[in-house]
Amino acid sequence: MKADVFTLFPQWFEWFRTQRHVENALRLGHAVDTVDFRASTPLKWGQVDDTPFGGGAGMVLRVDVMEAALRGRYGVDPVQLRSQRRVIALTPAGRLLDDALASELAREPALTLLCGRYEGFDERILEHFVSDQVSIGRYVLAGGELAAMVVLDTVLRKLPGVLGDDASAVEESFSEALGGAPEYPHYTRPAEWRGWAVPDVLLSGHHGRVDEWRREQSRKRGGRPLP
Ligand SMILES: C[S@@+](CC[C@H](N)C(=O)[O-])C[C@H]1O[C@@H](n2cnc3c(N)ncnc32)[C@H](O)[C@@H]1O
């Protein structure tokens with residue numbers, strides 16, 4: 001997976017790259033690169049945005065600036081680019097990120113993530129350059145950087161070898177393996193604390209019963225019925 005994040009704040013991703021599972025992904029040959037809109041802007045003084053036509057507060061990321069950044073990175077017309085790789089704009093009103101979308105994105109060889117700031121993107125960017133709009137929730141962040149990290153976090157941890165144990169990412173809340181239901185409860189030592197005992201079945205050593213109990217707990221917590 002080669003992920004490119006287009007942003008005005010590439011330094012934010014330096015921290016992200018040092019997180020254990022991200023480091024693992026990078027070591028395995030995956031990539032998280034950043035592209036700074038200011039580095040390729042055709043405008044003077046590093047300008048990347050402008051006031052909205054029709055008036056109103058805030059600044060809007062310019063379509064010519066986005067085109068220069070995408071062309072500079074990929075060497076093709078950005079209108080064509082979206083048929084070659086997923087070009088995802090992070091937007092509050094986009095498709096809500098869930099486990100199914102994360103799994104879908106984890107199967108892609110390459111992702112492009114576009115981070116907006118201020119009032120967001122000129123609409124022509126969304127209409128002509130972008131294959132998807134993704135939201136991490138129905139609220140508004142100051143910029144797309146945290147949203148891009150959320151998307152990459154959940155996508156990268158699904159790639160083989162990125163987590164210590166690949167099985168950790170299989171049977172998780174909202175996964176196919178649990179029929180979309182939340183995960184079952186976990187307990188660890190001590191087996192009893194202040195009179196709060198761990199369910200007997202988990203101490204039984206009987207894998208079949210443990211598995212059955214876990215699926216039952218998960219089912220009780222909601223989601224569609226298990227197959
Ligand atoms: C302040 S927001 C712009 C909000 C925009 N004016 C609106 O009302 O929809 C700036 C940028 O942050 C990002 N962003 C904010 N909230 C987001 C969310 N919930 N999911 C994904 N990206 C978000 C987007 O890239 C957006 O362009």
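The values are calculated or read from the model by the stated rules, or taken from the named source; none is laboratory data. No experiment lies behind these values; they were computed from the predicted model shown. Every residue, glycine as well, gets a Cβ built from its backbone with ideal geometry; the counts of neighbours run over all protein chains shown. Note: areas computed on protein heavy atoms with side chains; ligands, DNA, RNA excluded. Shrake-Rupley method; radii C 1.70, N 1.55, O 1.52, S 1.80 Å.
The figures follow:
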read-out	value
Within the stretch 76-93, considering residues that are open to solvent by less than 70 Å² (accessible area, probe 1.4 Å) and in a loop (DSSP other than H, G, I, E, B), the one nearest to Ala106 (Cα to Cα)	Arg85
Pair list, Cβ under 8 Å, 6 or more apart: the stretch 22-36 residue assigned to a helix (DSSP H, G or I), other residue acidic (Asp, Glu)	Val22/Asp153
Subset tally (residues that are out of contact with any Lys or Arg (no Cβ under 7 Å at 6 or more places or on another chain) and within 8 Å of the ligand (Cβ to nearest atom)) for the stretch 110-134	8
Matching residues, the stretch 50-61, being farther than 10 Å from Phe37 by Cα and either touching a residue at least 40 places away in the same chain (Cβ under 8 Å) or in a loop (DSSP other than H, G, I, E, B) (or both)	Thr51, Pro52, Phe53, Gly54, Gly55, Gly56, Ala57, Gly58, Met59, Val60
Count of the stretch 179-201 residues which are in contact (Cβ under 8 Å) with a residue 24 or more places away in the chain and out of contact with any Gly (no Cβ under 7 Å at 6 or more places or on another chain)	3
Among (1) open to solvent by 70 Å² or more (accessible area, probe 1.4 Å); (2) on the phi > 0 side of the Ramachandran plot - the single one Asp98 does not satisfy	(2)
Residue in the stretch 153-170 that is within 16 Å of the ligand (Cβ to nearest atom), within 22 Å of Leu61 (Cα to Cα) and not in a loop (DSSP other than H, G, I, E, B) present	no
Residues within the stretch 107-130 that are open to solvent by 50 Å² or more (accessible area, probe 1.4 Å) and either closer than 21 Å to Val63 by Cβ or part of a strand (DSSP E or B) (or both), tallied	6
Selected residue (criterion: nearest to Ser175 (Cα to Cα)) from residues of the stretch 74-95 that are more than 9 Å from the ligand (Cβ to nearest atom) and among the hydrophobic types (A, V, I, L, M, F, W, C)	Ile88
